[in-house]
Each structure stands twice: as structure tokens, then as C-alpha cells.
1. Among L27, F43, M17, which residue has its Cα positioned farthest towards the positive end of the charge dipole of region 13-67, with +1 placed on the Cβ of Lys and Arg, -1 on the Cβ of Asp and Glu, and the dipole taken about the Cα centre?
2. Each residue of region 295-310 in turn: what ³J(HN,Hα) in whole Hz from Karplus with 6.51, -1.76, 1.60 and θ = phi - 60°, glycine and Pro shown as x?
3. May I ask you to sort M185, M522 by Cβ crowding, counting other Cβ atoms within 10 Å and putting the fewest first?
4. Under unit Cβ charges (Lys, Arg +1; Asp, Glu -1), what dipole magnitude, rounded to 20 debye, does region 79-241 have relative to its Cα centre?
5. log₁₀ I(q)/I(0) of region 79-241 at q = 0.08, 0.10, 0.15, 0.16 Å⁻¹, via Debye over equal Cα point scatterers, no solvent, to two decimals?
6. So which of K143/K228; K112/K218; K358/K452; K315/K485 end up more than 31 Å apart by C-alpha?
7. Any chance you could run the full-extension gain for E205 through L26? It's 0.36 nm times the residue separation minus the Cα-Cα distance, nm to one decimal.
8. Can you figure out the FRET efficiency of E405 with D484, using R₀ = 41 Å and their beta-carbon distance, to the nearest 0.05?
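Just so it is clear, none of the values below were taken in a lab; they were calculated from the coordinates. As the structure is a computational prediction, the values presented were derived from the model and not from experiment. Here Cβ is always computed from backbone atoms with ideal geometry, including for glycine, and neighbour counts include all displayed protein chains.
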Amino acid sequence: MQSRLPRLLTAGLILLMAGLFVTAFLLNRNNYLASIGTVDTSFVQLLEQQAEGLRKEIEKQEAGLFSKLENDPLSEPDADLFIVLDNRVVPACTAGLLETVPEAEADTALEKRWAAPPGQTSLSHFQMAARRRVSTPDDLYRKTAALFNLLEIEPDTRTVCSILALLNLTDPALTESQRRFFRSMLEEQVPDLSEIERRASRLWETATAIDRSLTRRKGTYRAESNGKILSVREDGLAVLYSPDIEATAPVMLTQEEDHESHEQIIPGLFASIPSQVVDKAKASIGKQYRTGNIILALMVLLGTTLTLGLFAAAKRQRQLDAMRTDFIATVSHELRTPLSLIRLHAETLKHGRIPEDKVADYHQTILTESERLTGIVNNVLDFSRMERNKLQIHLEPTDLSTLCEQIAESFHFRLEQEGFELERQMESGITANVDPLAYSQIVFNLLDNAIKYSDDEKHIRIELESSNGWNILRVFDRGIGIPDKLKKHIFEEFVRSDDSKVTARRGSGIGLSVAQRLAEKMDGTIEVADNQPKGSVFTVSVPPASSGLQGRQDGGDTIEEMHETIGG
């Protein structure tokens, strides 16, 4: 149950992280959708607000133009005033010509005019006389004369426009002499006649164009005419002008109805928001949405990684604790075995219970087990100092050939007792800058492992050569070998194969770790490979003496001092 608990906790944590990510993702997506909806709503509201403001601005401009042009229809060069009637459209300056009275009423008003004193008192009589209905050339003459009388009493551009309109009538028409007479009178009384005549002519042309292009109706309305706006009041008075308004970005004014967001201001003029503006705003929100998802994913991944790392560290710590416990038990057993043999043989020698010819063998056994005990204790001490970074390496030129021969010879009795064959192929005269005791410990560990993990084929070969600038030591065995998946971990502390052939043999699990660290401190390397047809081969490479390395100190006790402490 305890072994399943970490896995259950890990699975539960992963599910929790996944749930948190899904929840955060859904919240982020809902926020994204709400923001997208808000973009459309915000732009619609903005468009409606600006459209309403622009309409009010146009109404304000229209009111100002009506007020100004009613007093003087020709005073505004950028706007024209007209009267829209049931049967035609005419310039406002000549609207009075359409208001007619019978000839009898006009004649009566004219008779009253001659009886009244001159000046403002007779003005209303001339106004009535000027409204005479024109049926004959004589009626046209009388009407024109009445308008001249009005112009003399009260100069007005409306009256000038009306006179010009009558002079241009063709049916009925004035005679040529009458037309020249009235024309000369106008030129005398109106200094800017040519400008008024030009404006009046243009107004008639515009009125004719409006009359052809627009369908007139009663009431207030607006219509587009040749790029301008015709605003008609309830009383038929109409102003034709180009509105002077500007929209605020991102709203823009167009004369064509857009297929995207748009709002009609007046006929022929629309306020719209370009689709690319809306798309850009949505793209920005989409980018934020994707960035948010990436951040969420990274946070979940980081959280999961950290948590899994904590679980892994806790698991590794439990494994190390178990390994250390097993290490203590194993070392205790490893120490007990040689100690027991040493004590047994020493007591036997002390009591003189063995034949004289066996005494040398007992002495050799005590010596061999003492060396074995020394190697075990040295491993433990080396490993302990390495863990605390207290191990000091002293490099000096060393004859590796002689050193390896001595170590191999120290294993002679043990190899013989256990039935091993040791093959030596070592070049002579090979020297290197190493710590002699550290290098001895490496060789001791490799030979000890070769003996410990060999089965039926009890054959060990040790080689020493100089090649490619390196001094290379190889130890071959034909033992149980090392699985491929374990090779990259074999030099880690407390690592042993779970194979029954390995677990059946007692071992501390630190021998190869100590060997690798000692090799690295001497600027060397140690590697493992498969032997053929079976077994393993360990290769130790160190630089030659010519490399110039004379020593390196890492602090703490030297190998020699440590080994001397236990009589090594």
C-alpha cells in the first residue's frame, strides 16, 4: 500500500492540474467570447452616438441656412434656397411670381396706389399689383412696372430676380423695346446686376435639375441631389447645400451604403466603421486570448513539473535512505567476514592447533583478509571524504607498471584459493602523474569486483599500455556482465543490478563510484563495456607523466593520511 501511495498522489496531482487548466481555459475562453461580443456592441454604440450627433449638427446647419437665406436668398454662395410646390420647383427669390391675383384686384390696388401718398404707405398696393395674373403681353408689362415701383421703394434681390424672370419669359413676352427699356432701368438701379443675374440663372438651372430628378411630396423630408442635400420644410421652403460635418475616428463618412457597420445620417450620407477596424480589435483580443492560454499552459506545466520534481526528489531520498540502510548492513557483513576469518586463524595459531606445514597458509590467509578488510575500509573512508569534499589528491610521477604488478600480486593467494586464473599483459616502464594510493584503490576495486561477480569461467585478464597519449589500464572478466540499461548508472553510488545473480553477492555499492571519482580527480576517466563472449571490461585512462601535472590539492586529508589511519 505504501509503494502505491506516491503513484496515487502523483496521479491525483496531475488530474488536479489538468482540472485547474481546463477550468482556467474555460474561464479565459468565456472572457474572450464576452470581449468579442463587447467589441461589436461597443462599435455599434459608438456608431449610433456619432450618427445622432452628426444629425443634430446637420439640423443646426440647416436651421442657420434657412434663417439666413429667407432674408436674402442669394446671400450664401454655398447654399441655394427654393420653393417646392405641387407642380414645380422654383428659386425662392422668384417665389412671389407664382402667387397671383385676378386682373381686377391688381387694377384696384394700382388705382389705390396712385391715390395714396408716395413712400411706404403705397408699398402694399404695389405688392398687390405685382401679383397680377399674366395672360397677355399687356398684363406682363403692368406686372413688370409694378415690380419696378416696388424696387424703387424698397430695394430687394427678390424683386430683381422676379424682374429678370419676367424679362426672359417667352409666352407671353415683352416687346424688344420694352425689354431693353426695363433692362436699362435695372442696370441703373442695381449696381451688381450681373452677379445677381448670374446667381439667379444658376438657381433656375438647379431648380430645373431638382424638378427632373426628385419626386416631390408634401411635408418635411431630405433628398440627395448631385452630391448635395435638399432639405425641405413643411411650408415647402427648401435649401440645397453640402453639409460641413466630420466624424471622429474610427467612424468615417461615406456616400455609399457599406455592407458592414453603418448608420444613415441623411439620404446619400452614411456613417460607418471599416471592417478592418473591427477585425483588428477582435484580432487583438484573440492574441490576448491565445497568450493567456499559453501562459496558463506554461504555469500548469511548471507547477506539474515542480510537483513531480518534488515527488521524484522525495522518492529519490527514500531510495537513498534505503540504500544507506542496506549499505550499512552490507558493509557490516563485508567487514564481519574478513574479521571473522582473521580472528579464527589468529586464535588457531595462538593455540598451536595446526600442523607446522599449514602455518604459512594461515599467515597468508590473515594477510590476505587484512588487505581485503583494508580495501573495504578505504572505500568507505574515500567515499565519506568525497561526499564532504574533504578528499585531497597528491599527484606525483608514478611507475604504473610496478604498482599494478604489486596489486595483482597481492591478490595472488585469494585468486588461488578461489580458483581464478589471472592473465597479465602489462607494458613495463609506464609512468603517470597519479596519487599512488588512489590509483591502487581503483585497481583493487576493479579486481575485487571481477572476482566477486564471476561464475564458472574464473578467468581475469589485466592489461596496461600507453596509447594515443594516455596510459590505459583494462580489467577483463568473464562473469555475469552488466545489463545495457544499467551501464550508464553503474558508477553512481549504491547502484546495483536487481538481477538475482548480483543480489546473491554481498557488495557495498560504492566501489565503482569511488573508482570513478578518484579517476576524475587525477584527470582520468573510467568506462565499462561488454567483454566477449561474456563478462565485462573496465578501462581506466590517465594522462602520462610528461603532461607536467605535479599535484593538485582539493582540501582535507590526503589519500595517504587516510590509509595510514587504518594501517593501509
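1. M17
2. Per-residue couplings from phi come out as 4, 4, 4, 5, 5, 5, 4, 5, x, 5, 4, 4, 5, 4, x, 5 Hz.
3. Numbers: M185 16, M522 23.
Fewest-to-most Cβ neighbours within 10 Å comes out as M185, M522.
4. Details: 22 positive and 24 negative charges, 100 e Å.
It comes to approximately 480 debye.
5. These q points yield log10 I(q)/I(0) values of -0.26, -0.41, -0.87, -0.97.
6. On the way: K143/K228 35 Å; K112/K218 38 Å; K358/K452 26 Å; K315/K485 20 Å.
Violating the 31 Å Cα-Cα cut-off are K143/K228; K112/K218.
7. On the way: separation 179, 0.36 × 179 = 64.44 nm, distance 6.73 nm.
That works out to 57.7 nm of additional length.
8. Details: r = 34 Å, r/R0 = 0.82.
Here the calculated transfer efficiency is 0.75.
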